[in-house]
Amino acid sequence: MHFFEYRNGTLFCEDVDLARLAAETGTPAYVYSASTILSHYRRLDEVLAEVPHMICYAVKANSNIGILSLLAGENAGFDIVSGGELFRVVKAGGDAAKCTFAGVGKTEAEIRDALERGIFAFNVESEAELERINAIAGQLGVKAPIAVRVNPDVDAHTHKYISTGKSENKFGIAFERVFAVYANAAKLPNLKIRGVQMHIGSQITEAGPFAEAVEKMQPLVCKLKTLYGIEYFSIGGGMGIVYDPSLASGTTDWWAKDEKPLTLEGYAEAVVPKLKALGLKILVEPGRFMVGNAGVLLARVQYVKAGDIKKFVIVDAGMNDLIRPALYQSFHEIVPVTQRAGALEKVDVVGPVCESGDFFAEERELPPLEQGDLIALMSTGAYGATMSSNYNSRPLLPELLVKGDKVATIRTRQTPDDLIRNESLPSF
Ligand code: LLP
């Protein structure tokens, strides 16, 4: 569900006319709906009501401090993967004591900083990492809270780049090794075993893999509770969203595959009863679900170019601004900001970057588009801005947060000076 809709033929974000906004701020630009994010957070909170829980928003999906501050205001926890993300959370008013720190490559400096700030727990991905955390905690004279990330070897049926819970992935500790790793952790004097964690992948569009993974983990989690008194079980993130509403058979909420939409309620039904029985605090780490459908990328058509076999609509946003189609062949709905009459045409929507991979859609049926027209790339609130770069020396985009009829600029457009701010001419 989201708060983007046409009113009198123009796309609005909440009560803000996007054609007007684009005229004021220029394009390309990311626009987010605060009410959408808040409603996702609150609805997830509601469906998990039957178990004690903490929602740790996966900061990597969208790490703008303006977004983080919205969630901090809801008392959310945060799932971080770097010292930089922890810095952002704290700057945004988030509570370090509600942060879980994931990732396979935590550096000494990151671990020290996280311990000094008093995070909730490290989700540990290897035995070498346990040793490192133990050593640093010893130097600081503290006990480091940890959970081990278990790889449940479940197929999440998602794109291979974002599937993480299979044994061939680099993530977590194999099922068979888990008890040995906990036994080792228990011997390390500066660690406090606090929980257990899993995450099977991202953009998962069926309830099945979630249920399967929780079920597979159940006996292990119970045993860890008995042996080490763990307090929590984090079931990770990964809930998929609707990218292509034409497949969603009536729901605007969640990706619907084979006419069987995965709803938030369906997700909860699949996991909550199993989780209730554990008598533990449950952590979830949603990123995409929280912000994905809450954002659009506004872009303006620069040229329409008819090739021999294809027609190209060249817009002012590029793969450096939104890399998902190039990297994952992902689908983003594209709509004209001002509705247009006329027969649909098959076009490629491409950016200005010097790479053939710089496309947003290939052979897409769209209403007729002309130079100067404004389009919205839908569902780009997650892994859009956070994965953008300065490739081709293109400035990072502004990010605008809408709430009702108000607009906050939560990031300004970079200037040419910003592009070279940290660079210098050599003195030799
Ligand atoms: N927890 C862990 C340990 C993760 O690795 C991730 C995502 C999440 C939570 C949040 O997953 P979500 O709820 O957002 O699916 N760039 C890719 C997605 C990469 C996801 C990486 N890990 C994309 O644009 O689709």
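Below is a table of values for the structure above.
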| quantity | calculated |
| --- | --- |
| Residue in the stretch 184-205 that is under 19 Å from GLU129 (Cα atoms), away from the ligand (no atom under 16 Å from the Cβ), at pLDDT 95 or above and among the small types (Gly, Ala, Ser) present | yes |
| Test: residue in the stretch 272-282 that is closer than 30 Å to VAL148 by Cα, at pLDDT 95 or above, within 16 Å of the ligand (Cβ to nearest atom) and assigned to a strand (DSSP E or B) | yes |
| Test for GLY318: is it away from the ligand (no atom under 16 Å from the Cβ), assigned to a loop (DSSP other than H, G, I, E, B) and crowded, with 22+ Cβ neighbours inside 10 Å | yes |
| GLY94 being farther than 20 Å from ALA385 by Cα and modelled with pLDDT of 95 or more | yes |
| Lone unmet requirement of (1) within 20 Å of the chain's Cα centre (by Cα); (2) β-branched (Val, Ile, Thr); (3) at pLDDT below 95 for VAL154 | (1) |
| So GLU363, is it assigned to a strand (DSSP E or B) and away from the ligand (no atom under 16 Å from the Cβ) | yes |
| The listed residue being touching a residue at least 12 places away in the same chain (Cβ under 8 Å), surrounded by fewer than 21 Cβ atoms within 10 Å (Cβ to Cβ) and of a type in the set (Lys, Arg), out of ARG288, ARG300 | ARG300 |
| Residue selected from the stretch 321-352 under the condition within 16 Å of the ligand (Cβ to nearest atom) and assigned to a loop (DSSP other than H, G, I, E, B), by the criterion nearest to GLN414 (Cα to Cα) | ASP321 |
| Exclusive hit being without any contact (Cβ under 8 Å) to a residue 60 or more places away in the chain, within 30 Å of LEU280 (Cβ to Cβ) and among the basic types (Lys, Arg), set ARG42, ARG7 | ARG42 |
| Identity of the residue in the stretch 232-250, closer than 28 Å to LYS216 by Cβ and either in a strand (DSSP E or B) or over 19 Å from the mean Cα position of the chain (by Cα) (or both), that ends up modelled with the lowest pLDDT | MET239 |
| Any hit, the stretch 170-183, residues being closer than 30 Å to HIS2 by Cα, within 15 Å of the ligand (Cβ to nearest atom) and among the basic types (Lys, Arg) | no |
| Count of the stretch 385-406 residues which are crowded, with 19+ Cβ neighbours inside 10 Å and either more than 19 Å from the chain's Cα centre (by Cα) or assigned to a strand (DSSP E or B) (or both) | 6 |
| Selection status of LEU298, within 17 Å of PRO209 (Cβ to Cβ) and more than 16 Å from the ligand (Cβ to nearest atom) | no |
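For (1) more than 28 Å from VAL337 (Cβ to Cβ); (2) surrounded by fewer than 18 Cβ atoms within 10 Å (Cβ to Cβ), each residue gets a yes or a no:
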residue	(1), (2)
LEU21	no, no
GLY26	no, yes
ILE37	no, no
CYS56	yes, no
ARG88	yes, no
LYS91	yes, yes
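The values are calculated or read from the model by the stated rules, or taken from the named source; none is laboratory data. Just so we're clear, the structure is a prediction, and the values are computed from it rather than from any experiment. With ideal geometry, Cβ positions are generated from the backbone for all residues, glycine too; neighbour counts draw on all protein chains shown.
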